[in-house]
Amino acid sequence: MTTPPPAGTPAAGSGTTAPEAPDAPDAVPVLGGDGGGERVRRFWAVRRVPAALLAAVVLAGTGLLLYDVAAVRAGHSAMEWRRSLARGLATRPLDDPVVLVGASLAALLGLWLLLLAVTPGLRSVLPMRRTHPDVRAGLDRKAAALALRDRTMEVSGVQSVRVKAGRRKVAVRARSHFRPLDEVRTDVETVLAQGVRELGLAAPPALKIRVDRPPTKG
């Protein structure tokens with residue numbers, strides 16, 4: 001005597017199978033190959049030093065002017081610098097060299113402040129690919145250069161390496177004391193290409209590689 005299968009269990013040979021369990025979501029985010037197609041912008045600098053200097057100059061000038069105006073209202077004579085400035089502005093023509101130099105300096109200062117206001121700054125931080133819309137990460141250029149230098153030193157035949165990492169280009173100069181230079185250069189290019197990919201940068205820099213022999217002594 002056979003026991004009937006429990007309710008809900010497919011019978012043998014019926015051609016039906018149990019539904020598969022849904023795939024579990026990835027627990028750890030992984031850097032994508034293209035960063036999702038989203039453009040990652042550079043980090044903005046706080047620029048505390050220029051802001052503090054400008055605020056100090058404006059505060060000092062405003063305070064001195066208000067003090068002189070209050071002194072004149074109180075019956076005292078105006079300071080000599082304000083009388084000289086008013087007299088010079090009233091008597092000097094617009095094509096006077098002093099007026100032109102002062103206007104040029106003021107224009108250059110204003111352009112410099114506008115440039116600081118519209119540019120991000122922080123050129124030493126390389127933006128990385130974003131894996132979450134609310135999280136941004138950056139890599140210091142010196143740290144990137146050090147990581148690539150360590151990877152290059154692992155190549156057989158490399159004696160010394162100098163790496164200079166920029167925002168768009170990484171310049172590498174390696175010196176090999178044995179093995180053919182072409183083979184060393186090929187291995188260095190392969191290692192550095194993999195190293196740049198592993199840095200996870202939003203805009204991977206181009207590689208400029210130079211491999212030569214160390215200078216001979218004597």
Checklist (1) surrounded by 10 or more Cβ atoms within 10 Å (Cβ to Cβ); (2) within 35 Å of the chain's Cα centre (by Cα); (3) not hydroxyl-bearing (Ser, Thr, Tyr) applied to residue 64, failing item = (2)
query = Counting only residues that are among the basic types (Lys, Arg) and under 14 Å from the mean Cα position of the chain (by Cα), which one in the range 131-153 is most open to solvent (accessible area, probe 1.4 Å)?
reply = 142
message = If the requirement is being open to solvent by 40 Å² or more (accessible area, probe 1.4 Å), more than 22 Å from residue 197 (Cβ to Cβ) and small (Gly, Ala, Ser), which of these qualifies: 124, 156, 104, 176?
response = 104
note = The condition of being within 30 Å of residue 118 (Cβ to Cβ) and either among the hydrophobic types (A, V, I, L, M, F, W, C) or at pLDDT below 50 (or both) holds, among 53, 85, only for 53
query = Here are some conditions: (1) modelled with pLDDT of 50 or more; (2) in a loop (DSSP other than H, G, I, E, B); (3) open to solvent by less than 70 Å² (accessible area, probe 1.4 Å); (4) not aliphatic (A, V, I, L, M). Residue 14 meets all but one. Which one does it not meet?
reply = (1)
inquiry  = Restricting to the range 179-218, give me the number of residues that are closer than 19 Å to residue 125 by Cβ and either surrounded by 14 or more Cβ atoms within 10 Å (Cβ to Cβ) or of a type in the set (Phe, Trp, Tyr) (or both).
reply    = 9
query = Is the range 103-123 home to any residue that is out of contact with any helix residue (DSSP H, G or I) (no Cβ under 6 Å at 6 or more places or on another chain), outside any helix (DSSP H, G or I) and under 30 Å from residue 189 (Cβ atoms)?
reply = yes
inquiry  = What's the total number of residues in the range 179-218 that are in a helix (DSSP H, G or I), within 26 Å of the chain's Cα centre (by Cα), farther than 25 Å from residue 41 by Cβ and charged (D, E, K, R)?
reply    = 1
request  = Looking at (1) without any contact (Cβ under 8 Å) to a residue 40 or more places away in the chain; (2) open to solvent by 40 Å² or more (accessible area, probe 1.4 Å); (3) assigned to a strand (DSSP E or B); (4) not aromatic (Phe, Trp, Tyr), find the lone condition where residue 161 falls short.
outcome  = (2)
task = Taking residue 167 as the residue in question, decide whether it is touching a Pro at 6+ places or on another chain (Cβ under 9 Å), within 24 Å of residue 204 (Cα to Cα) and not in a strand (DSSP E or B).
result = yes
inquiry  = For the list (1) part of a loop (DSSP other than H, G, I, E, B); (2) of a type in the set (A, V, I, L, M); (3) open to solvent by 50 Å² or more (accessible area, probe 1.4 Å), I need the number of the one condition that residue 45 fails.
reply    = (3)
ask   = What pairs come up if the first residue lies in the range 115-137 and is within 13 Å of residue 201 (Cβ to Cβ) and in contact (Cβ under 8 Å) with a residue 24 or more places away in the chain, the second is among the β-branched types (Val, Ile, Thr) and crowded, with 16+ Cβ neighbours inside 10 Å, and their beta carbons are under 7 Å apart, counting only those six or more places apart or on different chains?
value = 127/40; 129/40; 130/40
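The values are calculated or read from the model by the stated rules, or taken from the named source; none is laboratory data. Since the model is a prediction, treat every value here as computed from it, not as a measurement. As a convention, Cβ positions derive from the backbone with ideal geometry for all residues, glycine included, and neighbour counts pool all protein chains shown. For accessibility, only protein heavy atoms count, side chains too; no ligands or nucleic acids. Shrake-Rupley method; radii C 1.70, N 1.55, O 1.52, S 1.80 Å.
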